[in-house]
């Protein structure tokens, strides 16, 4: 009885005195000046509230910094102002990185199942990538947690070669963000290709959950010698595609536009570039992402919605969330705009015109 009275008295003193002292020490008489509460022990630990995900989700208006232990995920979780509930440490968290590539395939069409099987042999993607629509790689999230995804669009073509010419500024964008992914979710991944020929756009790279885009990087538009107009040829970090003066800018996941049939517009997430796939227009992600063929197959764009030149003084736009527009008809307007990007993640890092070569997608599980 006396012991219980002592405990009650001690707790009462803590509650009464705390507002005055503004600090509480448990196991110590000298809490650190920076702490309102310091718990010290060499024999016992601190035990936060333990609950399931559903119980956590029932918390009304959680405060920023609120902490719980999630029994479903075996993780300590904290509520953040940007991002909501996020894991900061998990019992079974194993750091892992999955690198998605073009599987050795180049050009306007994506890789086959056999090509990806060969490319991913003896990696952590072996047996874990399925291709239902040619070129679009399907991968299932192995465990619930926080993942960092980095996506790069492919570079665009130069004036006389498929690779970017010096100083041409036709590189793809690189975008990065953190995502809370649920085990069993199947992601659709398209890795953009650089074009096979000059005057054609690079493909965008896409990561999509069902019909919902997570993160997309725009491909570079094509360069053109003697180009004197202000063409936005780099892969962009804005959602809209690059354009030229006088051509309506594409946005909201739509394909790019063109001012003459000599140009080839890039495809977006939802709709194709202006024209047909064999007259310079890149196809949208949801239409397969095939790069364009222009001028009777003389110019070939990159997989991922790249557009291609289709006539005199034409150029191709880059594929992306929104396609790059393209022009043609005169040397002064021979250029293609870069594709737009999209990032629905937290802790974003987005850079325009940062990638040369083919695109890529890297997914990394975060263990903190």
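A few comments on the model shown:
- Cα point-scatterer Debye curve for the range 13-90, base-10 log of I(q)/I(0) at q = 0.20, 0.26 Å⁻¹: -0.97, -1.10
- Top of 149, 136, 247 by mean-square fluctuation, Gaussian network on the chain, Cα under 10 Å: 247
- Counting neighbouring beta carbons within 10 Å and listing from fewest to most, the residues 39, 361 come out as 39, 361.
- In terms of other Cβ atoms within 10 Å, 222, 341, 118, 322 run from fewest to most in the order 118, 341, 322, 222.
- Comparing 328, 156, 27 in a Gaussian network model of the chain (Cα springs below 10 Å), the most mobile by mean-square fluctuation is 27.
- Under a Gaussian network description of the chain, with springs only between Cα atoms under 10 Å, the residue in 81, 326, 352 that fluctuates furthest is 81.
- Taking Cα atoms only, the orientation of helix 2-21 departs from the longest principal axis of the chain by about 50 degrees.
- Alpha-carbon centroid distance for the pair the range 180-204 / the range 304-353, whole angstrom: 15 Å
- Relative contact order of the chain, defined on C-alpha pairs under 8 angstrom at six or more residues apart (%): 18 percent
- Rounded to the nearest 5, the antiparallel percentage of DSSP beta bridges internal to the range 13-90 is 65%.
- Taking a ≥ b ≥ c as the square roots of the eigenvalues of the Cα gyration tensor, the range 210-301 is oblate, since a/c reaches 1.5 or more and a/b is not larger than b/c.
- Alpha-carbon geometry of the chain: the Rg and the Dmax are 26.4, 98 Å, given in that order.
Any read-out appearing in this document is the output of simple, stated calculations on the displayed coordinates, not a laboratory observation. Worth saying up front: this structure is predicted, and the values here are computed from it rather than measured. Every residue, glycine as well, gets a Cβ built from its backbone with ideal geometry; the counts of neighbours run over all protein chains shown.
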